[in-house]
Amino acid sequence: MDISSTTALQTTPTAAASKKAAISSDFDTFLKMLTTQMKNQDPLNPVDSSDYAVQLATFSGVEQQQQTNTLLKELGAQFSLLGMSQLAGWVGQEARAPAPVWYSGAPVTLSPNPAAAADRAVLVVRDAQGNLMAREDLPTGTTPYQWLGKDAAGDPLPDGRYVLSLESWVGDEKLGESVIESYARILEARGGLTGTTLVLEGGIEVLATSVTGLRNPAG
């Protein structure tokens, strides 16, 4: 009788899954089960000692791998905190990133980058629900552009989050559409296992690695 059959006799499938998780993380539990296996083995057909050695070696390898994974997670968290401390000086500055914008009445600086062959660039404005709010022709260069937050009729949009994209055209042919980069003030830097996240105005979050430029707040 091996460990898996002993478990199957003593537990339900759900409990067996839970026991398996316990074996992977608790060496004492494994030893108790190994002792149970020894007590319940057939005295006329005992388990070979080499089988015990294989089971112990297998568990030891699993335990070491889990300890390694735990250590890697801890190191990742430490590196994340280190990166966050280095980015602390960013708080209060304005970051340029391809992200939604928060409009609250003040102009938003955009950094358009139309396709090189484009002879027309169109700013497309959608609200947080994806509804089209406006389309606006922009210069085809890369000069920063002040978006005033107007709808299709030229009236101010309500405060809120908007997704801005840029269409590149050559004549009647659309070359593509991409999220346009914009500037927003950094309010907070948060560390995590996936990297450092910057919280912008309006609660918009972007990874620090997606930031392509920084500047001091205007005025």
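The values are calculated or read from the model by the stated rules, or taken from the named source; none is laboratory data. Since we're looking at a predicted model, the values are computed, not measured. So basically every Cβ, Gly included, is an ideal-geometry build from the backbone, and we count neighbours across all protein chains shown. The area values use the complete protein model at the heavy-atom level, side chains included, leaving out ligands, DNA and RNA. Shrake-Rupley method; radii C 1.70, N 1.55, O 1.52, S 1.80 Å.
The table that follows gives values for the structure above.
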read-out: Qualifying residue in segment 166-175 (condition: in contact with a strand residue (DSSP E or B) (Cβ under 9 Å, 6 or more places away or on another chain), open to solvent by less than 80 Å² (accessible area, probe 1.4 Å) and either under 14 Å from P98 (Cα atoms) or among the basic types (K, R) (or both)); value: yes
read-out: Strands (runs of 3 or more DSSP E) (entirely within segment 152-191) containing at least 3 residues that are among the aliphatic types (A, V, I, L, M); value: 160-170, 181-190
read-out: Residue under evaluation D159, criteria (1) modelled with pLDDT under 95; (2) more than 16 Å from S111 (Cβ to Cβ); (3) not β-branched (V, I, T), criterion not met; value: (1)
read-out: Neighbours by Cβ (under 8 Å, 6+ apart or cross-chain): first from segment 110-139, touching a residue at least 24 places away in the same chain (Cβ under 8 Å); second assigned to a loop (DSSP other than H, G, I, E, B) and charged (D, E, K, R); value: V125/D151; M133/D151
read-out: Members of segment 197-219 found to be aliphatic (A, V, I, L, M) and part of a strand (DSSP E or B), listed by number; value: L198, V199, L200, V206, L207, L214
read-out: Candidates T143, T194, filtered to the one that is at pLDDT below 95, in a loop (DSSP other than H, G, I, E, B), within 21 Å of the chain's Cα centre (by Cα) and surrounded by fewer than 12 Cβ atoms within 10 Å (Cβ to Cβ); value: T194
read-out: Condition check for R135: touching a strand residue (DSSP E or B) at 6+ places or on another chain (Cβ under 8 Å), open to solvent by 80 Å² or more (accessible area, probe 1.4 Å) and over 18 Å from A97 (Cα atoms); value: yes
read-out: Qualifying residue in segment 108-115 (condition: touching an Asp or Glu at 6+ places or on another chain (Cβ under 9 Å), among the small types (G, A, S) and either closer than 20 Å to A208 by Cα or open to solvent by 50 Å² or more (accessible area, probe 1.4 Å) (or both)); value: yes
read-out: Residue count, segment 182-199 (criterion: touching a Leu at 6+ places or on another chain (Cβ under 7 Å) and closer than 20 Å to P112 by Cα); value: 3
